[in-house]
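Student: Take this structure, written in structure tokens, and hold onto it; I'll ask about it next.
The values are calculated or read from the model by the stated rules, or taken from the named source; none is laboratory data. Given the structure is predicted, the values throughout are model-derived calculations rather than measurements. Here the Cβ positions follow ideal geometry from the backbone for every residue, glycine too, while neighbour counts run over all protein chains shown. Heavy atoms of the whole protein, side chains included, go into the accessibility calculation; ligands, DNA and RNA do not. Shrake-Rupley method; radii C 1.70, N 1.55, O 1.52, S 1.80 Å.
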Amino acid sequence: MPSLLPVRLPLLPGLVVMIGVGVQGVMGAEGIPTINSIRPLAAAPGLTTELTLRGARLGQVRELRTSWGVSAVLTEGEGAAERPDDRATFPLTLPADAPLGIHALRVWGPNGVSSQRLFVVDDLPTVEPAARGLRWEEPSGIVPPCAVDGVMGNLERHYYQFSAAAGERWSFEVLARRIGSTLDPTLILYQADGRQLASSDDVPGLGGDCQLVYRCEQAGTYVLELRDIRYRGGEGAVYRLRVGDFPCIQATLPMAVRRGTTAVVAFAGIDEEVEPASVTVPEDWPHPWFAVPARRPGGSGCGFTLLTVSDQEEVVETEPNDPPEQAQVLAPGVNINGRLQTPGDVDRFRFSATKGARWVFTGMTRREGVPTDLVLRLLDAEGKQLAQADDDGVEEGRLDHTFAADGEYVLVVSDLLHRGGPAYCYRVLMSPYAPGFTLAVEGDALNVPAGGTVRLPVQVQRRDFNGEIDLLVEGLPASYVAAPVRIGAGMKQGVLTITASSDAAPAPLTPVRIIGTATVNGAELRVVADAAEWLHGQWNKLAVVPPSTRGELAAAGAPAGRFALRVEPEEVVFGRDLKATVTIRAERSEGLDGEIKLATLPDKGALPDQVALELKPIPKGEAAVTLEFSAKEKAPLGRFSVVLIGTLQQEKQTLTAPTPSIQYRLDPPLQVRVDLGEAKLTRGNSARWRVSVARNPALAGVVKLTWKGLPAGVTASEVELAAEQSEGEVELTVAADAAQGEAGDIILTAAAGDKGQYQVETRLPKVTIE
């Protein structure tokens, strides 16, 4: 067996990119490792667990990394060349304080880095029953406390048999939908004689998973049935069944704790017999989440949940606060954590606001794993409703309100269906409104081919801000280059690209973050991109994307692709009613001579309105094609970027490669500056003013300078600047009888183009005639 080198690595908040070295060779994206399954589905803290990964292209993987930074590294060892390509085995040693709960792992090797695969850190031992237990008459025997990993086949039922003493309390929990499985589980508990005792299906807040707590009235044998609610199954219908004396929980109260503070944390779920815990989050805690296990006194295992680590003050509601006169008083700007204790419970919070202040109240529940369907209402001091917000799909209510007068106001929190109970917690973010934006990346793994480019789409959600956003990657080694990306004014998407030189030096695993920067209301705003929405879709639309995975983006060096694209020049400049060209060059492997079709990423909306790029393929056998940018008269000025994707079909294969980000800038056709010296003219004399003209690079030819608004008695020579000239002198003649005093409204017009159609007018400062 290969030896294990355990390494403990901190995970920085935000997107973490792992940069590795790729070997040279002719191999495209088909060489990237892929994980399809993990057995067992969990690893235990303080122990070494041998994880067997199955998938594709796993024979050369060298490192396994968890989403919170623990790694296992395989040395080469003897027999490395004989490792099967469809599996890899890692002995993963977790520290005793490894965070319990649902996390993810990925693998890395010379062919690149895989996407994340969900797995569990669990203190219950994993057992392998002797039989599959597909029939009631032949159940699988288990001895709790334990956990069983399984795969549900189509039309199957799985039966597990265990013994219990009278008065024993057992908890049963299925992790399926919460780990990205296609299984929609239901649990039924029977006595050995077939009498049904209890069942569970779709516990609110668990996204379709089930939990069950049962106290056995008599000693004997019990049977647990697990199946899909619609009797469906398949390779993706995996599950982890936990059986033991552990609390069934799903959240904490408060749901968030401020960094650097200590809080007493209660637990929310179907289990009410759980003692609160004291939690201290260190000031230097590196993650935006904190694991909080819960255990019954004398229990045999833990229930687990993760709370949010906040940088704001978090307040817990205190009862009674239902009647208006007992509304809990809050300072503005705190976050509210509460629980709707009973059905129909309503919580009220009183605070002061000033006239013109704009505040946002944002509910946080179902995406955090609790079932509360929030309704937020804002009342004035007399109880008149000013605003109300309900859910928006899976998102909770969001109130955005500008207060019309100084005074006291009340925020009312309730459940849409008037539900309540131990599980019905909530968190409401209360903050002053600020324009800005958020960024979402469409992917969690970037594999940069040697000598090639990898792309990452980035989506923008704007809040009253339509300005430019620059994307950058922090921490890349020198051998990897992230092309500058500017998401233009008002645009809602961009594409980040990273390019590696063909001789890229080996690089260690390096934390890197994708940042969006912009100037908003005169101040710089920095936003870290997030992959949660993409992961939500990739993992069978699971209700709660585990917090430890949301910021885990990984990149690695990979072998060279079969073709790569380059861009010349690095920046293209043109403007309204102007055109400019960019050359796309292809570097092909030997024998790869097919036509390369080019398209923008994305195919629609990649360019701002009134800007076009004429797309043509790189012809068969050719090395380059020249494309033309153009802009109409209302095109926006400024800096932009666009990425093209090249597609080549040959030998029944479809190969793709992106260009590095193409930088382009729309400038005015002409910019003029006039040096007036002391801005004085003397009657009976002449003077010379120096004029500088900056042409748009897409505009060639003569520039003609003419004047309007010269005072009576003052004449100026017409000047033409040849194509190679950027400066000239204008001679002004002042008549002896010219009127003395200040003269304004003098306008210099610079005109270029065949018909003088490109014009810019410059109004001069006032000139004194002496």
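Student: So, in segment 39-54, how many residues would count as being open to solvent by less than 50 Å² (accessible area, probe 1.4 Å) and either in a strand (DSSP E or B) or without any contact (Cβ under 8 Å) to a residue 40 or more places away in the chain (or both)?
Tutor: Matching residues across segment 39-54 total 6.
Student: A follow-up question, please. Starting from residues that are of a type in the set (Lys, Arg) and at pLDDT 95 or above, keep the ones in segment 420-469 and report whichever is farthest from Ala331 (Cα to Cα).
Tutor: Ranking the candidates gives Arg462 first.
Student: Tally up the residues in segment 593-610 that are surrounded by fewer than 17 Cβ atoms within 10 Å (Cβ to Cβ) and not charged (D, E, K, R), please.
Tutor: Summing the residues that are surrounded by fewer than 17 Cβ atoms within 10 Å (Cβ to Cβ) and not charged (D, E, K, R) in segment 593-610 gives 4.
Student: So for segment 676-685 (the condition being within 49 Å of the chain's Cα centre (by Cα) and touching a residue at least 12 places away in the same chain (Cβ under 8 Å)), does at least one residue qualify?
Tutor: Filtering segment 676-685 down to residues within 49 Å of the chain's Cα centre (by Cα) leaves none.
Taking every residue of segment 676-685 in turn, none turns out to be within 49 Å of the chain's Cα centre (by Cα) and touching a residue at least 12 places away in the same chain (Cβ under 8 Å).
Student: I'm trying to understand the selection: among the residues of segment 728-763, which are under 14 Å from Leu710 (Cβ atoms), of a type outside the set (Ser, Thr, Tyr), in contact with a strand residue (DSSP E or B) (Cβ under 6 Å, 6 or more places away or on another chain) and open to solvent by less than 40 Å² (accessible area, probe 1.4 Å)?
Tutor: Residues satisfying the conditions are Val730, Leu732, Val734, Ala738, Ala743, Ile747, Leu748.
Student: Of everything in segment 391-434 that's charged (D, E, K, R) and not in a loop (DSSP other than H, G, I, E, B), which residue is farthest from Ser310 (Cα to Cα)? Outline the logic, then answer.
Tutor: The first filter runs over segment 391-434 and keeps only residues charged (D, E, K, R), leaving 391-392, 395-396, 398, 400, 406, 408, 415, 419, 427.
Checking which are not in a loop (DSSP other than H, G, I, E, B) leaves us with 392, 395, 398, 400, 408, 415, 427.
On the way: Asp392: 24, Glu395: 20, Arg398: 19, Asp400: 21, Glu408: 27, Asp415: 24, Arg427: 12 Å.
Looking at residues that are charged (D, E, K, R) and not in a loop (DSSP other than H, G, I, E, B), I get Glu408.
Student: Just one of the numbered conditions (1) open to solvent by 30 Å² or more (accessible area, probe 1.4 Å); (2) in contact (Cβ under 8 Å) with a residue 40 or more places away in the chain; (3) among the hydrophobic types (A, V, I, L, M, F, W, C); (4) in contact with a Leu (Cβ under 9 Å, 6 or more places away or on another chain) is not true of Cys216; which one?
Tutor: (1)
Student: Would you point out which residue out of Leu615, Leu666, Leu627, Leu578 is more than 30 Å from Thr749 (Cβ to Cβ) and crowded, with 17+ Cβ neighbours inside 10 Å?
Tutor: Being more than 30 Å from Thr749 (Cβ to Cβ) and crowded, with 17+ Cβ neighbours inside 10 Å holds for just one of Leu615, Leu666, Leu627, Leu578, which is Leu627.
Student: Taking only segment 302-322 into account, find how many residues are over 24 Å from Gly69 (Cα atoms) and open to solvent by less than 40 Å² (accessible area, probe 1.4 Å).
Tutor: Number satisfying all stated conditions: 4.
Student: Could you pull out the residue among Asp245, Asp228 that is in contact (Cβ under 8 Å) with a residue 60 or more places away in the chain, in contact with a Pro (Cβ under 9 Å, 6 or more places away or on another chain) and under 25 Å from Asn540 (Cα atoms)?
Tutor: Asp228
Student: Within segment 329-390, which strands (runs of 3 or more DSSP E) (wholly inside it) include 1 or more residues that are open to solvent by 10 Å² or more (accessible area, probe 1.4 Å), farther than 18 Å from Asp415 by Cβ and of a type in the set (Lys, Arg)?
Tutor: Strands (runs of 3 or more DSSP E) meeting the threshold: 347-353, 358-364.
Student: Here is a list: Leu189, Leu197, Leu206. Which entry is aliphatic (A, V, I, L, M) and under 24 Å from Leu535 (Cβ atoms)?
Tutor: Leu206
Student: Would you please list the contacts, defined by Cβ atoms under 9 Å and residues six or more apart or on different chains, that run from a residue in segment 743-757 that is modelled with pLDDT under 85 to a residue that is open to solvent by less than 20 Å² (accessible area, probe 1.4 Å)?
Tutor: Ala743/Leu681; Ala743/Val714; Ala743/Val767; Ala743/Ile769; Gly744/Leu764; Gly744/Val767; Asp745/Leu764
Student: Report whether or not Leu411 is closer than 26 Å to Arg463 by Cβ and at pLDDT 95 or above.
Tutor: Working: closer than 26 Å to Arg463 by Cβ: yes; at pLDDT 95 or above: yes.
In short, yes.
Student: Next question, about the same structure. For Glu168, which of the numbered conditions (1) within 23 Å of Val274 (Cβ to Cβ); (2) among the charged types (D, E, K, R); (3) within 28 Å of the chain's Cα centre (by Cα) fails to hold?
Tutor: Going through the list (1) within 23 Å of Val274 (Cβ to Cβ); (2) among the charged types (D, E, K, R); (3) within 28 Å of the chain's Cα centre (by Cα), Glu168 breaks only (3).
Student: Out of Val148, Val127, I need the residue that is at pLDDT 95 or above, touching a strand residue (DSSP E or B) at 6+ places or on another chain (Cβ under 6 Å) and open to solvent by 10 Å² or more (accessible area, probe 1.4 Å). Which one?
Tutor: Exactly one residue qualifies, and that residue is Val127.
Student: Oh, and also: So which residues in segment 669-690 are open to solvent by less than 50 Å² (accessible area, probe 1.4 Å) and more than 16 Å from Val714 (Cβ to Cβ), if there are any at all?
Tutor: Pro669, Leu670, Val672
Student: Checking Arg178 against (1) farther than 20 Å from Ala268 by Cβ; (2) open to solvent by 30 Å² or more (accessible area, probe 1.4 Å), only one condition comes out false. Which one?
Tutor: Only one criterion is unmet by Arg178, namely (1).
Student: What number goes with the only condition from (1) open to solvent by less than 10 Å² (accessible area, probe 1.4 Å); (2) closer than 19 Å to Ala164 by Cα that Asp228 does not pass?
Tutor: Asp228 satisfies all of (1) open to solvent by less than 10 Å² (accessible area, probe 1.4 Å); (2) closer than 19 Å to Ala164 by Cα except (2).
Student: Oh, and also: Inspect segment 171-188 for any residue being of a type in the set (Ser, Thr, Tyr) and assigned to a loop (DSSP other than H, G, I, E, B) and give the result as yes or no.
Tutor: Yes, the conditions are met somewhere in segment 171-188.
Student: May I pose another question? Any chance you could count how many residues in segment 437-464 are under 20 Å from Val113 (Cβ atoms) and either part of a loop (DSSP other than H, G, I, E, B) or open to solvent by 50 Å² or more (accessible area, probe 1.4 Å) (or both)?
Tutor: Residues in segment 437-464 being under 20 Å from Val113 (Cβ atoms) and either part of a loop (DSSP other than H, G, I, E, B) or open to solvent by 50 Å² or more (accessible area, probe 1.4 Å) (or both): 7 in total.
Student: List the number of the failed condition for Ala294; all other conditions in (1) surrounded by 13 or more Cβ atoms within 10 Å (Cβ to Cβ); (2) farther than 19 Å from Asn337 by Cβ; (3) modelled with pLDDT under 95 hold.
Tutor: All conditions are met except number (2).
Student: Shifting gears a bit: Restricting the first residue to segment 88-101 and requiring it to be at positive phi and buried (at least 20 other Cβ atoms within 10 Å of the Cβ), which pairs with a second residue that is among the aliphatic types (A, V, I, L, M) and assigned to a strand (DSSP E or B) meet a Cβ separation below 8 Å and a spacing of at least six or different chains?
Tutor: Gly101/Val120; Gly101/Val121; Gly101/Ala291; Gly101/Leu306
Student: The conditions are (1) open to solvent by less than 30 Å² (accessible area, probe 1.4 Å); (2) more than 27 Å from Gln610 (Cβ to Cβ); (3) not aliphatic (A, V, I, L, M), and Gly701 fails exactly one of them. Which is it?
Tutor: (2)
Student: Kindly indicate whether any position in segment 137-155 is in contact with a Pro (Cβ under 8 Å, 6 or more places away or on another chain), assigned to a loop (DSSP other than H, G, I, E, B), closer than 22 Å to Arg232 by Cβ and without any contact (Cβ under 8 Å) to a residue 40 or more places away in the chain.
Tutor: no
Student: Report yes if some residue within segment 303-324 is assigned to a loop (DSSP other than H, G, I, E, B) and closer than 26 Å to Asp202 by Cβ; otherwise report no.
Tutor: Taking every residue of segment 303-324 in turn, none turns out to be assigned to a loop (DSSP other than H, G, I, E, B) and closer than 26 Å to Asp202 by Cβ.
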